[in-house]
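Below is one structure, written out as structure tokens, with a few remarks after it.
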Amino acid sequence: MIFVFAGGGALGCGGAAEGGAGPETAGQTAPKVEEPEQAEEVVEDSGTLDILSDPPQDVLLDGKPIGKTPLTNHRVKMGPHDVTFLDPAEGDRTMSVNVSPGDHQTVKLDHPPKIREQK
């Protein structure tokens, strides 16, 4: 008298539920594996800027305030950017920079020397 419950037992124990849980688990695992790869791509598609001026000045990057100089290792996406130094006394100055992946560039505002008239 042997009863065959093995086949029925597997179905009765939630074989269908386990099959349903398997793809959900695999679906949840796949995005977690892909997220770090996407994060690495963002790093590869960016560069850094050192933005300097003397005296220190407020700076806009592509029209948005990012702080006061000196700014070092400021991460930016690759491509063209406008760096604007806000100088109420002598007028704002904008410089353009094109950043390639992995680039580290310096944008420095040098004020021209003041010419003194001799009397």
Counting pairwise Cα distances across the stretch 46-109, what percent come out greater than 19 angstrom?
21
For residue 64 and residue 100, calculate 0.36 nm times their separation in residues minus their Cα-Cα distance, and state this gained length in nm to one decimal.
10.9 nm
With only alpha-carbon pairs counted, each pair once and no self-pairs, how large is the Kirkwood hydrodynamic radius of the stretch 74-119 in angstroms?
13.1
Cβ-derived FRET efficiency at R0 35 Å, residue 116 paired with residue 50, nearest 0.05:
0.65
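Throughout, read-outs are computed from the coordinates displayed, never taken from laboratory work. Keep in mind that this is a model prediction, so the values were computed, not measured. Every residue, glycine as well, gets a Cβ built from its backbone with ideal geometry; the counts of neighbours run over all protein chains shown.
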